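Asker: Sharing a structure with you now.
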Amino acid sequence: MDYTRFVLPNGLTVFHLPDTSTQLAVMNILYRVGSKDEDPEKTGFAHLFEHLMFGGSVNIPEYDTPLQYAGGENNAFTSNDITNYYLSLPAANIETGFWLESDRMLSLAFSQKSLDTQKGVVIEEFKERYLNQPYGDVWLHLLPLAYSRHPYRWPTIGEKTEHIAQATLDDVKSFFTNYYCPNNAILVVGGNISLQRVEQLCEKWFAPIPSKTVVRQAYDAEPKQQAPRFKEVQADVPVDMLVKAWHTCGRPDTDFYATDLLSDYLGAGRSAFLYNELVKKKRIFSELDCYITADAEPGLLLIEGKVMEGISLDKANTELENTLQGFLAGGISDEALQKLKNRAQTNTHFGNMKVLNRAMKLAYCEFIGKLNEFGKEDNFYDAITQTDLMRIATHVLRPDNCSTLYYQAKS
């Protein structure tokens, strides 16, 4: 897990992450721009750019074909906080990756035809994922219920399709010019490649790209929730669904690892506390899950469950709240806590086996200012005590900190 960090004169932060056990090399480039950086009247731009960035740059008409000829593959994702692009290819062909990534950072090719095509793709994705599948619009109802001011109140794909449909060529050019620059990016090069080679290729391909002044969208911090929030909707779905969200700390917070274990204990998998109590024993829910959003700024802990036929949403909600109160009163055993730690550490070790996963993790640790955590997650999980976990549970699982969504099946 050793790495070397250096910064080019234009502000690009670069990491070398060696791994001689593979014949591959990987590149992961994280741009410090996500959906939270969007204009509230023009949402979905960060995700739209994830698509536009594969449409070709000024000197390279098509991104995918040269990479495939070099034996490589690539993908990308957008979150509330970042846009992340990654590729892998034989180490001997790594310069192809530098050529491709540097050229689209320098000057993406903009055309009305490409924009119209990608707008159509994103709008269809929005409809398919959020509007045309059962329970797909849960986030469209829940996020603005849980967040009153912060831009986490709309999903990454955008608040509504109209924002994407109305995007102009000038809009996207301005977005690119502002955010896609070396001083707003973190590059990790990993695998079977030397530090000297990485430095040489960075100097050749990235160093000539000029830095820019990044102007960030201003937004308000989310105020502390003072009272329970509630919303009820109806939809053409098979069964009722209950969703509850509590505000939690952000990913850089020292309490993050304990909050992660708390969500695992409550609802991760068929051996979880809530699954045992409310699915297996009482048969209130047919499915139940608990997870955290793990955002860079304060996020959410969510519990969602499909309600058994014949059980009302009111009863399901009451049973869930009573079960949580029982947990808060009874606490967690040493054995259960150790089991949680073991599983978290196992998942971490399996994830770290792939150099691309390590490269993504290293870039994100740099982004949140937590390089000291890279490769040391075991230590942070090991340090969590029963007192830590129950302190966080008591602080988070308060009625005045909760937003509840009744997602009711139409009769």
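Asker: Which members of region 363-411 meet the condition of being charged (D, E, K, R) and either modelled with pLDDT of 95 or more or more than 30 Å from Asn183 (Cα to Cα) (or both)?
Answerer: The answer is Glu366, Lys370, Asp378, Asp382, Asp388, Arg391, Arg398, Asp400, Lys410.
Asker: Hey, another quick one. Return a yes/no flag: does region 67-81 have any residue that is closer than 15 Å to Glu366 by Cβ, under 15 Å from the mean Cα position of the chain (by Cα) and either of a type in the set (A, V, I, L, M) or not assigned by TED's automatic domain parsing to the domain that holds Met353 (or both).
Answerer: Yes, there is a match, as at least one residue in region 67-81 is closer than 15 Å to Glu366 by Cβ, under 15 Å from the mean Cα position of the chain (by Cα) and either of a type in the set (A, V, I, L, M) or not assigned by TED's automatic domain parsing to the domain that holds Met353 (or both).
Each row is one residue, and each column tells you yes or no for (1) among the charged types (D, E, K, R); (2) in contact (Cβ under 8 Å) with a residue 40 or more places away in the chain; (3) surrounded by fewer than 19 Cβ atoms within 10 Å (Cβ to Cβ).
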site	(1), (2), (3)
His16	no, yes, no
Val26	no, yes, no
Ser35	no, yes, no
Pro40	no, yes, yes
Asp64	yes, no, yes
Ala92	no, no, yes
Leu115	no, yes, no
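Asker: So, one more: Among the candidates Thr394, Thr323, Thr346, single out the residue that is without any contact (Cβ under 8 Å) to a residue 40 or more places away in the chain and either under 30 Å from Leu17 (Cα atoms) or β-branched (Val, Ile, Thr) (or both).
Answerer: Only one candidate passes the filter, namely Thr346.
Asker: All but one of (1) surrounded by fewer than 21 Cβ atoms within 10 Å (Cβ to Cβ); (2) under 19 Å from Leu389 (Cα atoms) hold for Ile311; which doesn't?
Answerer: Against the list (1) surrounded by fewer than 21 Cβ atoms within 10 Å (Cβ to Cβ); (2) under 19 Å from Leu389 (Cα atoms), Ile311 comes up short only on (2).
Asker: So, in region 69-81, how many residues would count as being surrounded by 13 or more Cβ atoms within 10 Å (Cβ to Cβ) and either free of Cβ contacts under 8 Å to residues at least 24 places away in the same chain or within 18 Å of Val189 (Cβ to Cβ) (or both)?
Answerer: Final tally of qualifying residues: 5.
Asker: Here is a follow-up. Would you confirm, using the coordinates I've provided, whether Arg104 is part of a helix (DSSP H, G or I), surrounded by 15 or more Cβ atoms within 10 Å (Cβ to Cβ) and in the same structural domain as Ala165 (by TED's automatic domain parsing)?
Answerer: Considered against the rule, which asks whether it is part of a helix (DSSP H, G or I), surrounded by 15 or more Cβ atoms within 10 Å (Cβ to Cβ) and in the same structural domain as Ala165 (by TED's automatic domain parsing), Arg104 comes out as yes.
Asker: Of all residues in region 328-343, which are touching a residue at least 40 places away in the same chain (Cβ under 8 Å) and farther than 15 Å from Ser271 by Cβ?
Answerer: Within region 328-343, Leu328, Gly331, Asp334 qualify.
Asker: Has region 9-30 got any residue that is aromatic (Phe, Trp, Tyr), touching an Asp or Glu at 6+ places or on another chain (Cβ under 9 Å) and either closer than 24 Å to Ser194 by Cα or part of a strand (DSSP E or B) (or both)?
Answerer: yes
Asker: In addition: Identify all residues within region 330-342 that are outside any loop (DSSP other than H, G, I, E, B) and either surrounded by fewer than 17 Cβ atoms within 10 Å (Cβ to Cβ) or in the same structural domain as Val33 (by TED's automatic domain parsing) (or both); write none if there are none.
Answerer: Gly330, Asp334, Glu335, Ala336, Gln338, Lys339, Asn342
Asker: Return the residues of region 345-379 that are of a type in the set (A, V, I, L, M, F, W, C) and either within 17 Å of Asn184 (Cα to Cα) or surrounded by fewer than 17 Cβ atoms within 10 Å (Cβ to Cβ) (or both); say none if nothing qualifies.
Answerer: Phe350, Met353, Met360, Leu362, Ala363, Cys365, Phe367, Ile368, Leu371 - these are the residues of region 345-379 that are of a type in the set (A, V, I, L, M, F, W, C) and either within 17 Å of Asn184 (Cα to Cα) or surrounded by fewer than 17 Cβ atoms within 10 Å (Cβ to Cβ) (or both).
Asker: Just to be sure, is Leu87 of a type outside the set (Gly, Ala, Ser), in contact with a Gly (Cβ under 9 Å, 6 or more places away or on another chain) and in a helix (DSSP H, G or I)?
Answerer: Criteria not met by Leu87.
Asker: Based on this model, can you work out whether Ala46 counts as surrounded by fewer than 18 Cβ atoms within 10 Å (Cβ to Cβ) and either touching a residue at least 60 places away in the same chain (Cβ under 8 Å) or in contact with a Gly (Cβ under 6 Å, 6 or more places away or on another chain) (or both)?
Answerer: Answer is no for this residue.
Asker: Check off (1) within 25 Å of the chain's Cα centre (by Cα); (2) free of Cβ contacts under 8 Å to residues at least 24 places away in the same chain for Lys281 and give me the number that stays unchecked.
Answerer: Going through (1) within 25 Å of the chain's Cα centre (by Cα); (2) free of Cβ contacts under 8 Å to residues at least 24 places away in the same chain one by one, Lys281 breaks only (1).
Asker: If you don't mind, there's one more thing I want to ask. Based on this model, can you work out whether Leu324 counts as surrounded by 18 or more Cβ atoms within 10 Å (Cβ to Cβ) and not in a loop (DSSP other than H, G, I, E, B)?
Answerer: Here the answer is yes, as Leu324 does meet what is asked.
Asker: Where in region 181-296 are the strands (runs of 3 or more DSSP E), entirely inside, with at least 1 residues that are surrounded by 19 or more Cβ atoms within 10 Å (Cβ to Cβ) and in the same structural domain as Arg398 (by TED's automatic domain parsing)?
Answerer: Filter on region 181-296 gives 241-247, 285-292.
The values are calculated or read from the model by the stated rules, or taken from the named source; none is laboratory data. Fair warning: this is a prediction, and the values are worked out from it, not measured in the lab. Every residue, glycine as well, gets a Cβ built from its backbone with ideal geometry; the counts of neighbours run over all protein chains shown.
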